[in-house]
Amino acid sequence: PAEEDPKDEL
Amino acid sequence: MNIFRLLGDVSHLLAIIILLLKIWKTRSCAGISGKSQLLFALTYTTRYLDLVTNFVSVYNTFMKVVFLAASYATIWLIYMKFRATYDQNHDTFRIEFLLLPVTILSLVANHEFTLIEILWTWSIYLEAVAILPQLFMVSKTGEAESITSHYLFALGSYRGLYILNWIYRYYMESYYDLIAIFAGILQTVLYCDFFYLYITKVLRGQRLQLPA
């Protein structure tokens, strides 16, 4: 799973 | 950002605008599932809580505000302004059958057991099934106005384009999020029979007839 992803998707 | 995600967001924005204009212009929400719209508003509310705390970009903030505003405006139109035209007898999908599994799954399958992350996960799972009351309503009424089917096509395409975006990001950025991917595939699959009917019928000028 993605590490600390910035949740840049809508 | 990549072209697939941009096209997906544009398709999503288009869907929401089409629906708002359809209800506003015809002054009627006949054939529209208020329950699905409630679920979409819940989806955006729980997903965009970081709207004020986590600035990603002007584009990101702008789209979040538009999606939130448009979804609440649509609910206001359905349940308040044009509630006389709301087809309650056909909008009968039991959304508790969606909310319960989504809630359980978000508590069990998430990236991190924090409130924000659980709410984000909940919104991802909820969005995947939020269209079911609308598709159920179309199958119950047996047909949909062409404008409603254009709305559904744009809405269904948006997450399909996001799947291409996730493939792109996997190969180009080694980024992937299994929760979003799993839910996005389910969400897009739910539209398959509608996509078939839309392409074989609506695009030929026929009315959309779902087998009741």
(message) Just to check your reading of the model, which residue among B:Leu39, B:Leu68 is surrounded by fewer than 18 Cβ atoms within 10 Å (Cβ to Cβ), under 13 Å from the mean Cα position of the chain (by Cα) and assigned to a helix (DSSP H, G or I)?
(response) B:Leu68
(request) State which residue is farthest from the other protein chains (Cβ to nearest Cβ) when the search covers only segment B:81-117 and only residues that are in a helix (DSSP H, G or I) and surrounded by 21 or more Cβ atoms within 10 Å (Cβ to Cβ). (result) B:Val102
(message) Restricting to segment B:160-201, and then to whatever is under 20 Å from B:Glu127 (Cβ atoms) and charged (D, E, K, R), can you tell me which residue is modelled with the lowest pLDDT?
(response) B:Asp193
(request) Restricting attention to segment B:21-36, report how many residues are within 14 Å of the chain's Cα centre (by Cα) and surrounded by fewer than 18 Cβ atoms within 10 Å (Cβ to Cβ). (result) 0
(request) Taking only segment B:146-156 into account, find how many residues are crowded, with 20+ Cβ neighbours inside 10 Å and polar (S, T, N, Q). (result) 2
(message) When you scan segment B:118-129, do you find a residue that is over 25 Å from B:Ser11 (Cα atoms), assigned to a helix (DSSP H, G or I) and aliphatic (A, V, I, L, M), even just one?
(response) yes
(message) Can you pull out every residue in segment B:46-71 that is of a type in the set (Gly, Ala, Ser) and out of contact with any Leu (no Cβ under 8 Å at 6 or more places or on another chain)?
(response) B:Ser57, B:Ala69, B:Ser71
(request) Report whether or not B:Tyr59 is in contact with a helix residue (DSSP H, G or I) (Cβ under 6 Å, 6 or more places away or on another chain), touching a residue at least 24 places away in the same chain (Cβ under 8 Å) and not polar (S, T, N, Q). (result) no
(request) Kindly provide the set of residues from segment B:1-51 that are within 24 Å of B:Ile118 (Cβ to Cβ) and within 14 Å of chain A (Cβ to nearest Cβ), ordered by number. (result) B:His12, B:Phe40, B:Thr43, B:Tyr44, B:Thr45, B:Thr46, B:Arg47, B:Tyr48, B:Leu49, B:Asp50, B:Leu51
(request) Would you please name the residue that is farthest from B:Trp122 (Cα to Cα), looking only at residues in segment B:50-62 that are surrounded by 15 or more Cβ atoms within 10 Å (Cβ to Cβ) and of a type outside the set (Val, Ile, Thr)? (result) B:Asn60
(request) Kindly establish whether B:Asp50 is modelled with pLDDT of 95 or more, outside any loop (DSSP other than H, G, I, E, B) and of a type in the set (Asp, Glu). (result) no
(message) Against the definition (assigned to a helix (DSSP H, G or I), over 17 Å from B:Ser11 (Cα atoms) and under 18 Å from the mean Cα position of the chain (by Cα)), how does B:Phe182 come out, yes or no?
(response) yes
(message) Return the residues of segment B:197-212 that are in contact (Cβ under 8 Å) with a residue 12 or more places away in the chain, in a helix (DSSP H, G or I) and over 29 Å from A:Glu9 (Cα atoms); say none if nothing qualifies.
(response) B:Leu197, B:Val202
(message) Regarding segment B:62-72, can at least one residue be identified that is in contact (Cβ under 8 Å) with a residue 24 or more places away in the chain and away from chain A (no Cβ under 14 Å)?
(response) yes
(message) I'm checking my understanding of the structure. Among residues of segment B:169-196 that are away from chain A (no Cβ under 12 Å) and touching a residue at least 60 places away in the same chain (Cβ under 8 Å), which one is surrounded by the fewest Cβ atoms within 10 Å (Cβ to Cβ)?
(response) B:Met172
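The values are calculated or read from the model by the stated rules, or taken from the named source; none is laboratory data. This is a predicted model, so every value here is computed, not measured. Reconstructed Cβ throughout: ideal geometry from the backbone, glycine too, with neighbour counts over all protein chains shown.
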